[in-house]
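Undergrad: Handing you this structure, nothing more for now.
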Amino acid sequence: MFSQIRKLVIIFILGFVCLQVQSQTIASENRQCLKCHTSQTFTIYNEWTELNEKRLMNPFYILDTVQLKTGVHHTFKCIDCHSYEYETYPHNGELKLEPLMTCIDCHGGDDTYASFQFDRIEEEFQKSIHYEISEDRFTCSKCHNQHYYKATARSSNSIKEIVEYSNNMCLSCHNSMIEYQLMSENTNPQLVQVHEWLPNQELHFEHVRCIECHTVVEDSLMVSHNIHGKTLATKNCIECHSTNSLLQSSLYKYQNISSRSGEGAIKNILSNQHYVIGTYQTQSLQYMFLIILIGTIAGMVVHTIFRIIKK
Amino acid sequence: MASMEKLYLYPLWLRIWHGVNALGIVVLIVSGISMQYPSTKFTMLDFGTAVNMHNIAGVIVSFSFLLFFLGNMFTKNRKFYRIKPKGLRKRLVKQAKYYIHGMFNDSEAPFPISEKRKFNPLQKYSYVAVMYFFVPVIIITGIALLFPELIIEEIYAVSGVMITAVLHGTVGFLIFIFLLIHLYVASLGKPPLKNFKSIINGWH
């Protein structure tokens, strides 16, 4: 009897472990690629010297398997997006010039991903400063690293995590001379100096996404992709710091939607993990304040009337 | 004889302290309301200006409070704030009754001002509550909001900043109510402007 139970428990645990492993594994076909592309070095046969030579791997071609495993595309084979000719080693140098697949190549017009509105995103992006300056040279992957991308704004419960993830996308170029100059002849802006006017700058950078002020908020899109040039960025504090806050319709959009559709608005209010001056009013407290204020003023008026009468 | 009736109750240092405090608190209330209830349609103060004004006035009033606190610790001025629990309720009711009907029947004030007694019981205990409870709470929460990294991020899944801010706003509101009553009660002098003149020239 006991041995049977033990067997069942072991089978259950193994099954559970397998499920976990399966949900986070990288396609086995990729192992051959990752052997070199997770390593600092690679070995190549040099026909000139007729020797096997160890070379340094280009750091931009080294992948982080931990991030790869948690990315949305972790089940993909490398050659789903890269040319199948990469299966031959050493790789043909000309392959580097072959245009890569873009997001829209797979996601465009696909009903499976209708809720992600890829086509709308594409439309919005084409109005943005990125497209205006760089046109098609500015691909989705400039911000959304296909190897590691996670839909944090949709999946995370932590505003701080959403903010950090989103801002790191911007900072990967705007705070990196190398990446910035891939797209521009200029040097990248000094972000701290440029935003000196912003009170509590560090706090804003930690708790608010760059896109909150640098995009046109589209109510029908989860994340606005129409990124403006710096001259059109929001500089008016009230747009966020008011009850009808811009933040409610952008950063807090997902949380608002899920709280409305899901269980318990009360739970959402009780577990309010963020506070923005001017946006948060506790209704019951406001009524209490009003009653106390009216009571005080009424008391003073009545007292004054008696003072006048009894003069 | 007339000069004998007048008391030099408020020395210059006290009047300056009171003035700085008064001005600072008014600025804090106006800028605080502007930040708590900002609107795109109507603004008393530009948001950024309100933040700066609130921060500067907050620091000034905090130092002013520190002076008051230390002064009351080390000088004789503390006798005016000493709590005497015996017969406290009776004294408070007596003073309240005077405000409610005694003063309309030309009764004598139950606790007239003297050199030994600057405040009547209601005045004294409301000052004690404001200066030793409300003001310290608002200063501590204010410092925390000025340096939010000091605040515990979450308390039972509620934002620590939010709890601090709600407490700061609530106490701020109560101090605002105190200010309204303080100004009204000050106008009870005969003539009504008498007490306002006293706090400017020092003579009661």
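Undergrad: With each pseudo-label sitting 7 Å past Cα toward Cβ, what's the A:Met288-A:Ser39 distance in nm, one decimal?
TA: Distance between the two pseudo-spin positions: 6.7 nm.
Undergrad: Tell me, how many Å apart are the Cα centres for segment A:62-118 and for segment A:154-171?
TA: 23
Undergrad: How much accessible surface does A:Cys36 have with a 1.4 Å probe, in Å² rounded to 10?
TA: So the heavy atoms of A:Cys36 present about 40 Å² to solvent.
Undergrad: Okay, next question. Over the heavy atoms of B:Trp203, what accessible area does a 1.4 Å probe trace out, to the nearest 10 Å²?
TA: Surface accessible to solvent at B:Trp203 totals approximately 110 Å².
Undergrad: Out of residues 5 or more away from A:Ile227 or on other chains, whose amide H comes under 5 Å of its own, with H placed 1.01 Å from N in the peptide plane?
TA: Residues meeting the amide H criterion: A:Ser128, A:Ile129, A:His130.
Undergrad: A further question follows. Report the residues of segment A:102-143 in range of a label on A:Ser220: point 7 Å along Cα→C-beta, backbone N strictly under 16 Å from it.
TA: Answer for segment A:102-143: A:109, A:114-127.
Undergrad: Given a 1.4 Å probe, show me the residues in segment B:14-43 buried by at least 20 Å² of accessible surface when comparing the whole protein assembly to the chain alone.
TA: B:Met35, B:Gln36, B:Tyr37, B:Pro38, B:Thr40
Undergrad: Taking the convex hull of the alpha carbon atoms in the protein assembly as shown, what volume per residue do you get, in Å³? Mind showing how you got there, number by number?
TA: On the way: hull volume 149.3 nm³, N = 515.
Considering the Cα atoms of the protein assembly as shown, their hull volume per residue is 290 Å³.
Undergrad: Could you tell me how many cubic angstrom of Cα convex hull volume segment B:1-124 has per residue? Walk me through the numbers before you get to the answer.
TA: Details: hull volume 23.1 nm³, N = 124.
Value for segment B:1-124: 186 Å³ per residue.
Undergrad: Here is a follow-up. Hydropathy at least -1.0 by Kyte-Doolittle, axial extent at least 15 angstrom from the Cα trace: which helices of chain B, defined as entire DSSP H runs, fit?
TA: Details: long enough: B:12-36 (35 Å, 1.38); B:47-74 (40 Å, 1.43); B:88-100 (18 Å, -0.67); B:135-146 (16 Å, 2.76); B:160-186 (38 Å, 2.13).
Membrane-span-like by this criterion, though nothing is claimed about a membrane: B:12-36, B:47-74, B:88-100, B:135-146, B:160-186.
Undergrad: Here's a follow-up. For segment A:106-183, what % of the accessible area comes from carbon and sulfur atoms, probe 1.4 Å? Could the numbers behind the result be given before it?
TA: Values: 2460 of 4680 Å².
Its accessible area is 52 percent carbon and sulfur atoms.
Undergrad: Another question, then. Can you work out the FRET efficiency for the pair A:Thr152 and B:Val20, with r the C-beta to C-beta distance and R0 = 45 Å, to the nearest 0.05?
TA: Values: r = 49 Å, r/R0 = 1.09.
Step by step, r from the Cβ atoms, then E = 0.35.
Undergrad: Continuing with this model, one more query. Calculate, for B:Tyr99 and B:Leu70, the FRET efficiency according to 1/(1 + (r/R0)^6) with r their C-beta to C-beta distance and R0 30 Å; round to the nearest 0.05. Let's see the in-between values first.
TA: Details: r = 33 Å, r/R0 = 1.09.
Given R0 = 30 Å and the Cβ-Cβ separation, E is 0.35.
Undergrad: Could you provide, to the nearest whole Å², the per residue accessible area of the protein assembly as shown with probe 1.4 Å?
TA: Value returned for the protein assembly as shown: 66 Å² of accessible area per residue.
Undergrad: With 30 Å as the limit, write out which pairs from B:Lys41/B:Lys197; A:Lys54/A:Lys96; A:Lys142/B:Lys41; B:Lys90/B:Lys190; A:Lys77/A:Lys230; A:Lys96/A:Lys160 have Cα-Cα distances beyond it, or answer none.
TA: Values: B:Lys41/B:Lys197 39 Å; A:Lys54/A:Lys96 21 Å; A:Lys142/B:Lys41 39 Å; B:Lys90/B:Lys190 26 Å; A:Lys77/A:Lys230 39 Å; A:Lys96/A:Lys160 37 Å.
Exceeds cut-off: B:Lys41/B:Lys197; A:Lys142/B:Lys41; A:Lys77/A:Lys230; A:Lys96/A:Lys160.
Undergrad: To the nearest 500 deg cm²/dmol, what mean residue ellipticity at 222 nm is calculated for chain B from DSSP H runs of n ≥ 4 alone, each contributing -39,500 (n - 2.57), summed and divided by the residues?
TA: Working: 8 runs with 126 residues, N = 204.
Dividing the helical sum by the residues of chain B leaves -20500 deg cm²/dmol.
Undergrad: Additional query: Along the Cα-to-C-beta direction of B:Asn201, a point sits 7 Å from the Cα; which residues of segment B:104-125 have their amide N less than 18 Å from that point?
TA: No residue qualifies, since no backbone N sits under 18 Å from the label point.
Undergrad: Ok, one more. Accessible area, 1.4 Å probe, largest first: how do A:Arg120, B:Arg15 sort?
TA: Numbers: A:Arg120 60, B:Arg15 40 Å².
I get A:Arg120, B:Arg15, largest accessible area first.
Undergrad: Heavy atoms only, probe 1.4 Å: what % of the accessible area of segment B:21-70 goes to carbon and sulfur, would you let me know?
TA: Values: 2140 of 2780 Å².
Its accessible area is 77 percent carbon and sulfur atoms.
Undergrad: Okay, moving on. Mind grabbing the accessible area of B:Lys124 for me, 1.4 Å probe, Å², rounded to tens?
TA: Approximately 20 Å² for this residue.
Undergrad: Calculate, for A:Phe60 and A:Lys235, the FRET efficiency according to 1/(1 + (r/R0)^6) with r their C-beta to C-beta distance and R0 45 Å; round to the nearest 0.05. Don't skip to the answer; put the middle values down first.
TA: Working: r = 36 Å, r/R0 = 0.79.
According to the calculation, E is roughly 0.80.
Undergrad: Roughly how crowded by other chains is peptide A:196-207, in terms of the mean Cβ count from those chains within 10 Å of each of its Cβ atoms? If you can, show how the numbers build up before the last one.
TA: Numbers: counts 0, 1, 1, 5, 6, 0, 2, 4, 0, 0, 2, 2.
Taking the mean over all residues of the peptide, I get 2.
Undergrad: At a probe radius of 1.4 Å, figure out the A/B buried accessible area, summed over both chains, and give it in Å² to the nearest 100. Write out the running numbers ahead of the final one.
TA: On the way: alone 22850 and 14030 Å², together 33980 Å².
Approximately 2900 Å² gets buried when A meets B.
The values are calculated or read from the model by the stated rules, or taken from the named source; none is laboratory data. Computed from a prediction, not measured in an experiment: that's the story for all the values here. Ideal geometry is used to build each Cβ from the backbone, glycine not excepted, and the neighbour counts take in all protein chains shown. Note: accessible area is taken over every heavy atom of the protein model, side chains too, but ligands, DNA and RNA are not part of it. Shrake-Rupley method; radii C 1.70, N 1.55, O 1.52, S 1.80 Å.
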